[in-house]
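Read through the structure below, which is laid out as structure tokens, and then see the notes.
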Amino acid sequence: MEGGGIDARKEQPGPSHDRVVIGRVTLRPVATSPGDVRFDILVGTECAGWLELAGTREVMRLTGEVSEGFRGRGVATAAVGAACRIAYSTIGTSVLEAFVPNGLGAAHRVLEANGFSVADLRDEPLRFELDRTTWSGSAGR
């Protein structure tokens, strides 16, 4: 991690796609197609996975994956939290959505820990949704 310990509740200042640090988890932007924002998830200097925000400003889809060696350590929860801050505070998104196969309980817990809820239990994969109002009420958990 750059510059030593960073308070997990504070965002790094700078341009809209600068690194966001949450505890020891950093999102580093990488090149993508126009309108999409992709990040490497870093733990210290190690790449721990990726996240992407894609879609319109109104509704963005969150996708990503944490590498096996980093699972179960809070990395995904911190990275999704940082992505939510970027989507709502920097990009101005109205709604974030994520689709998760019904058998991935860990992914469900990560989304729920960040304020997402299942939009429709009949969908497969399950569609999770987080709107700006719900997020602003749950930010800083």
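The values are calculated or read from the model by the stated rules, or taken from the named source; none is laboratory data. Since this is a predicted model, take the numbers as computed values, not measurements. Cβ coordinates were reconstructed from backbone atoms using ideal geometry, including for glycine residues, and neighbour counts include every protein chain displayed. Only protein heavy atoms, including side chains, enter the accessible area calculation; ligands, DNA and RNA are left aside. Shrake-Rupley method; radii C 1.70, N 1.55, O 1.52, S 1.80 Å.
Observations, loosely collected:
- Apart from one condition, His17 fits all of (1) at pLDDT 55 or above; (2) touching a helix residue (DSSP H, G or I) at 6+ places or on another chain (Cβ under 8 Å); (3) closer than 15 Å to Thr90 by Cα; the exception is (1).
- Conditions (1) at pLDDT 90 or above; (2) closer than 23 Å to Ala48 by Cβ: number failed by Leu104: (1)
- Counted residues, segment 29-51 - those being on the phi < 0 side of the Ramachandran plot, modelled with pLDDT under 95 and surrounded by fewer than 17 Cβ atoms within 10 Å (Cβ to Cβ): 9
- Residue within segment 125-132 that is over 12 Å from Leu62 (Cβ atoms), surrounded by 12 or more Cβ atoms within 10 Å (Cβ to Cβ), charged (D, E, K, R) and in contact with a strand residue (DSSP E or B) (Cβ under 6 Å, 6 or more places away or on another chain) present: yes
- Flag if Arg132 is at pLDDT below 95 and under 21 Å from Thr26 (Cα atoms): no
- Here Trp50 clears all of (1) in a strand (DSSP E or B); (2) of a type in the set (Phe, Trp, Tyr); (3) out of contact with any Gly (no Cβ under 7 Å at 6 or more places or on another chain) except the condition numbered (3).
- Lone unmet requirement of (1) more than 19 Å from Leu27 (Cα to Cα); (2) over 13 Å from the mean Cα position of the chain (by Cα); (3) open to solvent by 30 Å² or more (accessible area, probe 1.4 Å) for Val100: (3)
- Here Gly92 clears all of (1) buried (at least 17 other Cβ atoms within 10 Å of the Cβ); (2) of a type outside the set (D, E, K, R); (3) more than 13 Å from the chain's Cα centre (by Cα) except the condition numbered (1).
- Positions within segment 63-89 being open to solvent by less than 50 Å² (accessible area, probe 1.4 Å) and closer than 14 Å to Glu52 by Cβ, in sequence order: Gly64, Val66, Ala76, Ala79, Val80, Ala82, Ala83, Cys84, Ile86, Ala87
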